[in-house]
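**Q** Just passing along the structure, written as structure tokens.
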Amino acid sequence: MAQAPPKQNFLQTMLFMVVVIMGFQLWMTSQQTNAPQITLEQHYQNLLKMNAGRFDVSIVREKSAYDSAVDDLVKKKKLTEDEAEQKKVESAILVADTQLKAGIHGNDPGRMRDAYNTLQPLEKQYLDKPIWNKPFAVADVTSDPAFKPGWKSWTGQTLYTDVVNRLTESNKHDLVYGVIPGYQIMDTLVHITGGVSWYSYALAGFLLALCVRSIVFPLSQKQLMFSRQMSQLTPLVKEVKDQFPNDPAEQQKRTMKIYQEYGINPFSGCWPAFIQLPLFLTVYQCMIRYQFEFQKGTFLWINKSTSLATHGFIAPNLGQADYILILIYGVTMMVSTLLTPASDPSQVKQQRIMSVGISLMFTVFMFTGRFPVVSGFVLYWVFTNILSTAQSLRAYRLPLPPLVKVNAAGGGVYPKQGRFAKFIEQAQKMQEEAQQPGSNSASSKWLSIDPAAPKPKTDEDDGGTGTPAKHKPKKRK
């Protein structure tokens, strides 16, 4: 019976998954419809209880339900737009206050940062509106010695200022991974350049990018040159695909044989990228700890006057996200990615699509706020992409020696093989044994045998049938 082509099977599988997901969503909707409805006042009382108990995780979910109930009342003309706006700001202040209380009580800067992330979009939206300076009641926890008396109400601005001040003080003493003084590193770079608001903070980002690129330059250069070397195998790999278009197993076998003949490990080009990842995360953590100091810095169009003129679309300082700078990052990241040679000539298109997709994903996440970043860090990233692009262009201009076979396919003198070459050779022999008639599972055990280990003696060595030689007892005289 003829089998369906792979493409048709894939489409059928995707269609089945879509149907299952849609059915699940319809079932969840019906369950929510049948659930007892909770009034807006009940949601509000739940918010107050969670605020008093410092339930900073549960209150976020309750706020979402509360805001949905507010939107339903607006649709039913039971609430005006101004009333709905006031209630949503009040629920956000309750959530941020709960997160701040939980962070102070548990001495957890991460929870206090959650409070900042809750308030920051509202501060940007309502900064010049009266509602941002209107006090809202919160749970009184003055009996707790961790809190100062008088915490019974907040305005949006006073709560935001309090959160920023507490985080700034905490960041000065919070070490990255417990050992790296991230705040002090950034502060040193800023003061080395003069501490001037309109250029020192941006120049500090450039100096940091220059230092980081200098550290990873040898690894990046090795990755670039290796990728260029691998690209020379593209015609040979394409020829194998043309010879065996319907036999992926044979394609893989022949491709691995080509790699072995030229002594190239296709996975060695991935290590430099993995080694650079911890360094990237470390820089990000350092920038986060210096986030509120970046609010003192500006850069070209990023300043308070242009921010007011564009109603917050442009960031007022380098401590907040700027959409224009994020778009510039996306362009520079795309250019840097496209200039990086593919590490596997057989997967060029797939690697390009994946790299471009990752670049777009990061850009969208930063643009929508799902990946919160300050403009100081985005500017550092732009500088890094520019330096990476310059290194790629330089690598393309360097002469590349032609590929030379180091292992003869038909025999001859072989140099000392590495682990990867031994693994490829073992895999090929195992596949050949498995394809022979009468092969059994014993061939799967062959990979665990060291090629350098002596083989057991058989009768075949003495002209026998090949069965293991038996130890014959000596004759008595």
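The values are calculated or read from the model by the stated rules, or taken from the named source; none is laboratory data. Quick caveat, the model's predicted, so the values are computed rather than measured. Cβ: placed from backbone, ideal geometry, glycine included. Neighbour counts: every protein chain shown.
**Q** Of (1) of a type in the set (V, I, T); (2) in a helix (DSSP H, G or I); (3) farther than 15 Å from F292 by Cα, V196 satisfies all except one. Which?
**A** Going through the list (1) of a type in the set (V, I, T); (2) in a helix (DSSP H, G or I); (3) farther than 15 Å from F292 by Cα, V196 breaks only (2).
**Q** Counting only residues that are over 21 Å from W381 (Cβ atoms) and of a type in the set (D, E, K, R), how many does segment 176-205 have?
**A** Final tally of qualifying residues: 0.
**Q** Here's a follow-up. Return the only residue of G150, G205, G156, G194 being modelled with pLDDT of 85 or more and over 32 Å from the mean Cα position of the chain (by Cα).
**A** G156
**Q** Scanning segment 283-309 for residues that are of a type in the set (A, V, I, L, M, F, W, C) and not in a helix (DSSP H, G or I), which turns out surrounded by the most Cβ atoms within 10 Å (Cβ to Cβ)?
**A** Across segment 283-309, the extreme among qualifying residues is I302.
**Q** Can you tell me which residue in segment 316-336 is modelled with the highest pLDDT, limited to those that are polar (S, T, N, Q) and in contact with a Lys or Arg (Cβ under 8 Å, 6 or more places away or on another chain)?
**A** Among those that are polar (S, T, N, Q) and in contact with a Lys or Arg (Cβ under 8 Å, 6 or more places away or on another chain), it is N317.
**Q** Here's another thing I want to ask about it. Just to be sure, is L219 touching a helix residue (DSSP H, G or I) at 6+ places or on another chain (Cβ under 7 Å), in a helix (DSSP H, G or I) and surrounded by fewer than 17 Cβ atoms within 10 Å (Cβ to Cβ)?
**A** The answer is yes for L219.
**Q** I would also like to ask the following. Of the residues D140, D97, which single one is modelled with pLDDT under 85 and touching a Phe, Trp or Tyr at 6+ places or on another chain (Cβ under 8 Å)?
**A** After applying the criteria, what remains is D140.
**Q** Find the residue count for segment 22-58, including only residues that are small (G, A, S), modelled with pLDDT of 65 or more and loosely packed, with under 10 Cβ neighbours inside 10 Å.
**A** Adding up the residues that qualify gives 0.
**Q** May I ask you to list the residues in segment 248-267 that are charged (D, E, K, R) and at pLDDT below 75?
**A** If the condition is that a residue be charged (D, E, K, R) and at pLDDT below 75, then E261 is the only one that fits.
**Q** Mind telling me which of the residues I314, I326 ends up being part of a helix (DSSP H, G or I) and touching a Phe, Trp or Tyr at 6+ places or on another chain (Cβ under 7 Å)?
**A** Result: I326 is the single residue among I314, I326 that is part of a helix (DSSP H, G or I) and touching a Phe, Trp or Tyr at 6+ places or on another chain (Cβ under 7 Å).
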